[in-house]
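Reviewing the structure listed below.
Read-outs throughout are calculated quantities, based only on the coordinates presented, and are distinct from any laboratory measurement. Note that this is a predicted model, so its numbers are computed, not measured. Note that each Cβ is placed from the backbone with ideal geometry, even for glycine, and that neighbours are counted across all protein chains shown.
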Amino acid sequence: MVCHFLVKGRVQGVGFRWFVNREASALGLRGWVRNTEDGHVEAVAAGEQEDLAELRRRLGHGSRGSRVDSVMEHELTESEADGLGPFQIEGAW
């Protein structure tokens, strides 16, 4: 299963991408997380349905210092998982 998540709130400048990376990696998910230009964080994750549901729950709770106002989720086609490797942060330097 493959899902796209869009997290809105105070999620930039508070270590949220690193939080998502740690949580997704711990769940054994493949994919990526990155900041969006409009101040949100988005992620694409592939794995078992139960693990994706747990990631969704953790995203809603957020990391220390963050404030999650909403998590939007939609399922992608399985082909979207092609080329996804171990979970990583995109655009981090």
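Among the residues here, E37 qualifies as of a type outside the set (G, A, S), under 16 Å from E90 (Cβ atoms) and assigned to a loop (DSSP other than H, G, I, E, B).
Close contacts from region 41-55, counting a first residue that is part of a strand (DSSP E or B) and a second that is surrounded by fewer than 17 Cβ atoms within 10 Å (Cβ to Cβ) and of a type in the set (S, T, Y), with Cβ to Cβ under 8 Å and a gap of 6+ residues or different chains, come to E42/T36.
Taking first residues from region 26-38 that are basic (K, R) and partners that are crowded, with 20+ Cβ neighbours inside 10 Å and assigned to a loop (DSSP other than H, G, I, E, B), the Cβ contacts under 7 Å between residues at least 6 apart in sequence or on separate chains come to R30/G47; R30/F87.
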